[in-house]
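Everything on this sheet refers to the single structure shown next.
The values are calculated or read from the model by the stated rules, or taken from the named source; none is laboratory data. Just so you know, these numbers come straight off a predicted model, no measurement behind them. As a convention, Cβ positions derive from the backbone with ideal geometry for all residues, glycine included, and neighbour counts pool all protein chains shown.
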Amino acid sequence: MPEYKRPTSEEEFDKNFKQKKPLMNKTEAFFESSRCLFCYDAPCIKACPTGIDIPLFIKQIHTDNVKGSAKTIFKSNWLGNACGKICPTGVLCEGACVYNHQDVPPIQIGRLQNYATAKAMKEDFKLFKAGDDNGKKVAIIGSGPAGIACACELRTMGYAVDIYEAKEKPTGLTVYGIAAYKITNEEVLDELEYLKKQLDLNFICNHPIETTEQLQKLETDYDAIFLGVGLGATASLSLPGEEKENVVGAVEFIEEVRMQHAGLKVADRVVVIGGGNTAMDAASQSARLGAEKVTLAYRRGKDRMGAYGFEYDLAISAGVESLFEAQPVEIVGNGKATGVKFVKTQSKDGKLEYIDGSEFVVDCDLVIKATGQAKQGKFLQMINGLELDRRNKIVVKENTYQTTNEKYFAGGDAVNGGAEVVNAAFEGKMAAKGIEAWLDS
Ligand code: SF4
């Protein structure tokens, strides 16, 4: 029996996709902030990729200086509200909180962060403004978290910034690729609107940059270019039958869920292939959309999965079944996928071996491949002198995020190969400082 009924309205969808971190009220925030020990040399700050002064913003909440608290957060992380919701806080700041050593629940840093930033957005606190025009222009390709962070930082320094986005809406994966039970589209777009109003960000949407001529024009028109292009579509598995109907990529599936909500009718039986966080999201969302049976299949053992334990637990609690040590070898069906053929695997001397004669088929009506995204290698190769590593990631200098073509800087998934939104936000900000240092030299 499925845990969730198929949602047929927005209300039912919201019920099934209820957020894991609801907004705190004033009393809750006051109480929670009172628990912070304001540690000297606080480990939570070190565990935050953007280095937010966590004890300071918590203290500011406790003294009812919510405006100051929001400023502390945004100053370090331009996507402070989104990150409060979607960061894996249990393995970052909250995982480092000293209370974990005392068998006491850690401070709910993510929820406190949202308390302050959501209030700033709701009450339209003016915390930042664009710097005086310095006469220089920067083009940003891609409006995901790295691009937005880079743009915000540059605007405070007085640069004119144009952000080119291929899709209809900005924010990249934050709107299109994060599970709907973590953050809503509105929350993501509200934060962007809030920043846009203060810093006068100029988005040019529905404007893909995909030809050498377009790149050359940007090189002529701008003093520097930031590449925040992220990753591409779901990578191919090179499996026989992969081209069949009803075989989709996880990123594309998650995007459909976010865009269509209850309008998306998920198949009855779903097989999700993969062991990373995206696989967990796809499986969990299929279950929340009311699929009767969702099987999460991974070729190695549970201990080798790339996903965080809490993401796996979330999928299992949504009714997802797991199948370990099963390697997909074929998508079966006639035109349409009707099942996935697997072979059992075992690990011998660290190598994965197939067990002869152990093939079996799991029947399904939808196959979701969550096996990583392809890199934007083809596009990136159009840029003169841009070095990519052997995995097609952009090579950058450590602190400035300048690429091997000195006019280009880069950050986010295209550089780190696919990390958290908070990492992209940090890299975009650092690249802005790198651009400033380069143009100023
Ligand atoms: Fe507060 Fe925990 Fe950070 Fe210490 S480690 S400052 S208790 S949030």
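Here is how the numbers come out for the structure above:
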quantity: Any strands (runs of 3 or more DSSP E) falling wholly within the range 353-433 and containing at least 1 residues that are within 23 Å of the chain's Cα centre (by Cα) and surrounded by 17 or more Cβ atoms within 10 Å (Cβ to Cβ); calculated: 366-369, 408-410
quantity: Condition met for Val251 (modelled with pLDDT of 90 or more and among the hydrophobic types (A, V, I, L, M, F, W, C)); calculated: no
quantity: Unique match (being touching a Leu at 6+ places or on another chain (Cβ under 8 Å), within 14 Å of the ligand (Cβ to nearest atom) and not assigned by TED's automatic domain parsing to the domain that holds Leu195) among Thr89, Thr72; calculated: Thr72
quantity: Count - residues of the range 22-42 that are part of a loop (DSSP other than H, G, I, E, B) and away from the ligand (no atom under 16 Å from the Cβ); calculated: 3
quantity: The range 93-137: number of residues that are within 16 Å of the ligand (Cβ to nearest atom), in a loop (DSSP other than H, G, I, E, B), touching a residue at least 40 places away in the same chain (Cβ under 8 Å) and out of contact with any Pro (no Cβ under 7 Å at 6 or more places or on another chain); calculated: 2
quantity: Members of the range 209-234 found to be over 24 Å from Gly135 (Cβ atoms) and exposed (fewer than 15 other Cβ atoms within 10 Å of the Cβ), listed by number; calculated: Glu210, Thr211, Thr212, Glu213, Ala233
quantity: Test: residue in the range 29-42 that is surrounded by 14 or more Cβ atoms within 10 Å (Cβ to Cβ) and in contact with a Lys or Arg (Cβ under 6 Å, 6 or more places away or on another chain); calculated: no
quantity: Qualifying residue in the range 43-50 (condition: in contact (Cβ under 8 Å) with a residue 24 or more places away in the chain, of a type in the set (Gly, Ala, Ser) and within 9 Å of the ligand (Cβ to nearest atom)); calculated: yes
quantity: Search result, residues across the range 68-91 that are within 18 Å of Asp124 (Cα to Cα) and not aromatic (Phe, Trp, Tyr); calculated: Gly68, Ser69, Ala70, Lys71, Thr72, Ile73, Lys75, Asn77, Leu79, Gly80, Asn81, Ala82
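Rundown of residues vs (1) assigned by TED's automatic domain parsing to the domain that holds Tyr99; (2) within 27 Å of the chain's Cα centre (by Cα); (3) at pLDDT below 95, yes/no style:
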| residue | (1), (2), (3) |
| --- | --- |
| Met1 | no, no, yes |
| Glu10 | no, yes, yes |
| Cys39 | yes, no, no |
| Ala42 | yes, yes, no |
| Lys46 | yes, yes, no |
| Asp53 | yes, yes, no |
| Leu56 | yes, yes, no |
| Asp64 | yes, no, no |
